[in-house]
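J.: Quick one: structure below, then a few questions.
The values are calculated or read from the model by the stated rules, or taken from the named source; none is laboratory data. Note that the coordinates shown come from a computational prediction; the quantities given were computed from them, not determined experimentally. Here the Cβ positions follow ideal geometry from the backbone for every residue, glycine too, while neighbour counts run over all protein chains shown. Surface accessibility is based on the protein's heavy atoms, side chains included, excluding ligands, DNA and RNA. Shrake-Rupley method; radii C 1.70, N 1.55, O 1.52, S 1.80 Å.
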Amino acid sequence: MAFKLSAEFKAKADKLCAKYPRRDAALIPLLHEVQKEQGFVAEEAMDELAALLGLPYARVKAVVTFYTMFNRAPVGKYHLQVCRNISCHMAGAPGLLNRLRDKLGIAEGETTKDGLFTLSAVECLGACGAAPVMQVNEEYFEKLDEAKLDALLEDLKHGRLPGRAR
Ligand code: FES
């Protein structure tokens, strides 16, 4: 899907840029806006944002590729992002990832055929004290174990994304 900045998006971007001393400081918030609208940040979007902010394309691409929170390809309805850093690793993240691979029949970076789930292993989600943690779209699910994971998957399969579980 080719991305084209709409006049509406550009107006919103101008408003956002005005809040910062320099236009390029709005890059990350604008990338979030693109992802909210499109579900991911396409190459064309990076190109257009670079032009809009007066930045080299390489700088925009570097930011998008540095942060795992930005998707560079379409993702499923539910993006399952399992933290793989040390606290989560020690608390059982590898087992959770294995279970997700088995139950969904996909590996990291893949999406189920029905378009429901995309699986990713990501860097620290900043909730290490509640490891192991998985982010689903914008929600965090903490202190997960296999039983909680199974229950969550069932909810998601039935179209229910529960609120933050602690
Ligand atoms: S190590 Fe998993 S949230 Fe920090």
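J.: Along the three principal axes, how long is segment 35-127 when you take its alpha carbons, biggest first, rounded to the nearest angstrom?
T.: Its Cα atoms span 45, 32, 17 Å along the three principal axes.
J.: Rounded to the nearest angstrom and ordered from largest down, what semi-axes does the equivalent ellipsoid of segment 23-67 get from its C-alpha gyration tensor (root of 5λ)?
T.: Rounded to whole Å, the semi-axes are 14, 11, 10.
J.: Between A25, A91, A107, which gets the highest mean-square fluctuation from a Gaussian network model of the chain, Cα cutoff 10 Å?
T.: The residue that fluctuates most here is A25.
J.: Still on this structure, I have one more. How large is the translational diffusion coefficient of segment 78-157 in µm² per second when you combine the Kirkwood radius over alpha carbon pairs with Stokes-Einstein at 10 °C and 1.306 mPa s? Intermediate values should be presented prior to the final figure.
T.: Working: Rh = 12.2 Å.
It diffuses with D of about 130 µm²/s by this estimate.
J.: Taking every Cα atom in the chain, find the radius of gyration and the maximum pairwise distance Dmax, and write them in Å.
T.: According to the Cα coordinates of the chain, Rg and Dmax are 17.5, 49 Å.
J.: Relative to the longest principal axis of the C-alpha atoms of the chain, give the angle of the C-alpha long axis of helix 27-38, reported between 0 and 90° and rounded to the nearest 10°.
T.: 70
J.: Quickly work out the K36-to-H158 label distance, labels modelled 7 Å from Cα along the C-beta direction, and quote it in nm with one decimal.
T.: According to this spin-label approximation, the distance is 3.1 nm.
J.: With a ≥ b ≥ c the root eigenvalues of the C-alpha gyration tensor of segment 121-166, is it rounded (a/c under 1.5), prolate (a/b larger than b/c) or oblate?
T.: Prolate, since a/c reaches 1.5 and a/b exceeds b/c.
J.: A further question on this structure: Report the calculated FRET efficiency for D114 and A11 (r = Cβ-Cβ distance, R0 = 35 Å), to the nearest 0.05.
T.: Efficiency at R0 = 35 Å is approximately 0.45.
J.: Eight or more residues apart or on different chains, and alpha-carbon atoms under 19 Å: count the Lys pairs in the chain matching that.
T.: For the chain, the number of qualifying lysine pairs is 18.
J.: Divide by every residue of the chain the summed helix terms, -39500 (n - 2.57) for each DSSP H run of at least 4, and state the resulting mean residue ellipticity at 222 nm, rounded to the nearest 500 deg cm²/dmol.
T.: Value at 222 nm, helices only: -13000 deg cm²/dmol.
J.: Run the accessible area of the chain with a 1.4 Å probe and give the carbon-and-sulfur part as a rounded percent.
T.: 54
J.: A follow-up question, please. When the chain is fully extended, how far beyond the present Cα-Cα distance does K61 get from I86, taking 0.36 nm per residue of separation?
T.: Stretched out fully, the K61 to I86 stretch lengthens by 6.3 nm.
J.: Shifting gears a bit: What percent do you get for the relative contact order of the chain when only Cα pairs under 8 Å and 6+ apart count?
T.: Reported relative contact order: 17 percent.
J.: Quick one: if you stick a label point 7 Å off each Cα along the C-beta vector at A25 and N98, how many nm between them?
T.: Calculated label separation equals 4.8 nm.
J.: Using only Cα atoms, tell me the angle between helix 43-53 and the longest principal axis of the chain; keep it within 0 to 90° and round to the nearest 10.
T.: Compared with the principal axis, the helix lies near 50 degrees.
J.: A follow-up question, please. Indicate, rounded to the nearest 5 percent, the antiparallel portion of the DSSP beta bridges found entirely in the chain.
T.: 50
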